[in-house]
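Accompanying notes for the structure given below.
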Amino acid sequence: MSGIIGVSPDMRSGVVGVFPDGQVIQVQSTTLTTGYTATNSSFTDITGLSVVITPKFSNSKVLVLVSMCITASNDHHARIVRDSTAIAVGTGQASSQVSNTFGYIYNSGTAFVETRSMNFLDSPATASATTYKVQAGGSASVYVNMSSLDSDTANRGRQVSTITVMEVAQ
């Protein structure tokens, strides 16, 4: 359990209390509503798909929730990163495999956009400001919230992507 000064049930006076294990202490979220495209062979931040949380306690866990509308014109991968450390990534069998969160992304020449989601319970072990973000990288262009055939016509749409973090008491 984590100690904190809280408020009484009537929300009028301060009391000393604790958060029980599993209690959500705070929530931070960012929603990306604009289109994003880039061509990067190495993993690069998806601009606008990041969020900062300052945990109240260094032993808290952080539940990371990502829902992202993404496509690519050739092989691409995406991953979740805490500050500069990739988290929620698979371990490759060979040195040539890419460790990523969201799997292989490729829909060349189509208007198809996939929604990729991931929930991951992280243990950042800090009470300092921590940035969670999504990065993408691959051999061609990646598109977020839009298709590779994006245009201003009635049959083309734009999507929305979100990253939400919740501090969870331990």
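Please treat every number below as a calculation from the coordinates, not as lab data. Remember, it's a predicted structure, so these values are computed and weren't measured experimentally. Note that each Cβ is placed from the backbone with ideal geometry, even for glycine, and that neighbours are counted across all protein chains shown.
In a fully extended conformation the segment linking Leu63 and Ala140 would gain 24.6 nm over its present Cα-Cα distance, using 0.36 nm per residue. Between Ser42 and Leu121, full extension at 0.36 nm per residue minus the direct alpha carbon distance yields a gain of 25.9 nm. A Stokes-Einstein calculation at 25 °C with viscosity 0.890 mPa s, built on the Kirkwood radius of the range 23-75 over Cα pairs, returns a diffusion coefficient of 176 µm²/s.
Which net charge results when you count Lys and Arg as +1 and Asp and Glu as -1 among the other residues whose beta-carbon is under 15 Å from that of Ala38? Net local charge, Ala38 excluded: -1. Using R0 = 22 Å, the C-beta based FRET efficiency linking Thr31 and Thr131 works out to 0.85.
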